[in-house]
1. State which residue pairs qualify: first residue of a type in the set (Lys, Arg) and inside the stretch 258-277, second residue surrounded by 21 or more Cβ atoms within 10 Å (Cβ to Cβ) in any location, beta carbons under 6 Å apart, and separation of 6 or more residues or different chains.
2. Could we say that Tyr229 is part of a helix (DSSP H, G or I) and away from the ligand (no atom under 14 Å from the Cβ) here?
3. Does Val304 qualify as being within 16 Å of the ligand (Cβ to nearest atom) and in contact with a strand residue (DSSP E or B) (Cβ under 9 Å, 6 or more places away or on another chain)?
4. For the stretch 199-222, indicate whether the set of residues that are open to solvent by 30 Å² or more (accessible area, probe 1.4 Å), without any contact (Cβ under 8 Å) to a residue 24 or more places away in the chain, among the aliphatic types (A, V, I, L, M) and away from the ligand (no atom under 14 Å from the Cβ) is non-empty.
5. Scan the stretch 395-428 for residues that are closer than 11 Å to Phe358 by Cα and charged (D, E, K, R) and jot them down.
6. Take the residues of the stretch 232-275 that are basic (Lys, Arg) and open to solvent by less than 70 Å² (accessible area, probe 1.4 Å): which is farthest from the ligand (Cβ to nearest atom)?
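The values are calculated or read from the model by the stated rules, or taken from the named source; none is laboratory data. Everything quoted here is computed from the prediction, not taken from an experiment. In this analysis, Cβ positions are derived from the backbone assuming ideal geometry, glycine residues included, and neighbour counts consider all displayed protein chains. These area figures cover heavy atoms from the full protein model, side chains too; ligands, DNA and RNA do not enter into them. Shrake-Rupley method; radii C 1.70, N 1.55, O 1.52, S 1.80 Å.
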Amino acid sequence: MNKSPDAQRMEKIVSLCKRRGFIFQSSEIYGGLSGCWDYGPLGVELKRNLKNYWWHVIVHERDDVVGMDGSILMNRAVWKASGHEDTFTDPMVDCRSCKARLRTDQVIEKKGGRQCPNCGGKDLTEPRPFNLMFKTYVGATEDESSLTYLRPETAQAIFVQFKNILEVSRKKLPFGIAQIGKAFRNEINPRNFTFRSREFEQMELEYFCRAGEGMRLLDYWLWERLKFYENIGVSRDKLHARKVPDEERAFYSKGTYDIEYDFPFGRQELEGVAYRTDYDLSQHQNASGKSLEYFDEETKQRFVPHVVEPSAGVDRTVLALICEAYSEDEAPDEKGKMETRLVLRFHPRMAPIKCGVFPLLKNNAQLVAKAKEIVDLLRPQMNVFYDEGGAIGRRYRRQDEIGTPFGVTVDFETLGEKDATLRDTVTLRDRDSMKQERVAIKDLAGIITSRIR
Ligand code: GAP
């Protein structure tokens, strides 16, 4: 069967990710571990650029948000109070024919009967709840008293530290607490590359407010978050804000939006923006017996704050960035013949490497020395890559393929051999237009940094 263009595109993306060192299967030499992934040298840079930019926009650029970094393991009581121990489940079905374990929503409904999507078998068990939290034991004994879970979301650490952070930061409502960190879910069917993983990272903001402000702030944060995705290079027409209908929403939420992206495998959730009311803080206050109230000095009232939560997935956003950036166009090869060029058109802000530096010839000591000087000049301000191997066209292509937005070439003009007025100038190549401009070495850092930010 012929694969659809979208399926082919996804295959090419997965293969590029491995070939160029963005993402590898975890424990690959042992056959992998389903739902777990390792980020290679370029993947880790992309991921860091994303997390740093989120932190910059959400924490550093605002007066009303502070950060924290909570532990992954927490007292089991947290997960009891939050409701995760009893209700963080997906309904699961087993196929008795092929032994596949399926999420109930993956089962095919045909003429009133249920069918396994794997083997077509009809002998399926009734749906039963499956808790998605990974269990673990703290300390030397492995019994109920030492049981806890790897956190399935980072948010709960924020709720249980609410009072401490309120006291030390001396913030007034509305204010937020932000966190980036790992989360773990024993997904029944991890799939679509990194999209549904068992270990992943979240970027979560809990924005605390008065009850009357919740619905307005829900809309405010939806628009702020849509703007964020545009600022990292995700095109607006591939982003969608879906209002989650009443029957799908958590019972305590008064309003939720899913921000969705058109991946090659379909429109899927990138981030949830939810108005969670005072549910979480009230649950922890009741279960712990410790007050999590806020004292409003203006009205002299004490109350449990409400919260609006934009919760984004790092790995899903990285995948969206790669899918968005992946493109093929036509460009001339060394001999002027047109060939297919593979380009990752990352926003310069997100690109793992900002600038490639190339001496025209590797066996010319002066060209090499000048190129290395330029590397030293740029390195304090950006991630640069020096490459002297192969024809210059091939070196450009290698950088295009990993999304490096700028390329600097040191040639004989740079040495002033042909025209003294061109001494200490280089060509600066733009990845997308492939146009080259001649710029003075002393202006390079300023020009490139102004185009990255
Ligand atoms: N604190 C709220 C919360 O965790 P969620 O909708 O379950 O809400 C938030 O998760 C985000 O975390 C999702 O929008 C998604 O980006 C990311 N996420 C959730 N499960 C994931 C998984 N199995 N693999 C990768 N990312 C996941």
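1. Arg276/Val307; Arg276/Glu309
2. So Tyr229 does not fit the description; no.
3. no
4. There is no residue in the stretch 199-222 that is open to solvent by 30 Å² or more (accessible area, probe 1.4 Å), without any contact (Cβ under 8 Å) to a residue 24 or more places away in the chain, among the aliphatic types (A, V, I, L, M) and away from the ligand (no atom under 14 Å from the Cβ).
5. Across the stretch 395-428, the qualifying residues are Arg395, Asp411.
6. Ranking the candidates gives Lys238 first.
Residues are listed down the side, and each one gets a yes or a no for (1) modelled with pLDDT under 95; (2) more than 16 Å from the ligand (Cβ to nearest atom); (3) closer than 25 Å to Lys171 by Cα:
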residue	(1), (2), (3)
Met1	yes, yes, no
Glu11	no, yes, no
Glu28	no, yes, no
Leu33	no, no, no
Val44	no, yes, no
Trp54	no, no, yes
Val59	no, yes, yes
Asp64	no, yes, yes
Ser71	no, yes, yes
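To keep it simple, each residue is scored yes or no on (1) modelled with pLDDT of 95 or more; (2) within 30 Å of Phe265 (Cβ to Cβ).
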residue	(1), (2)
Pro332	no, no
Leu342	yes, yes
His347	yes, yes
Lys370	yes, no
Val375	yes, no
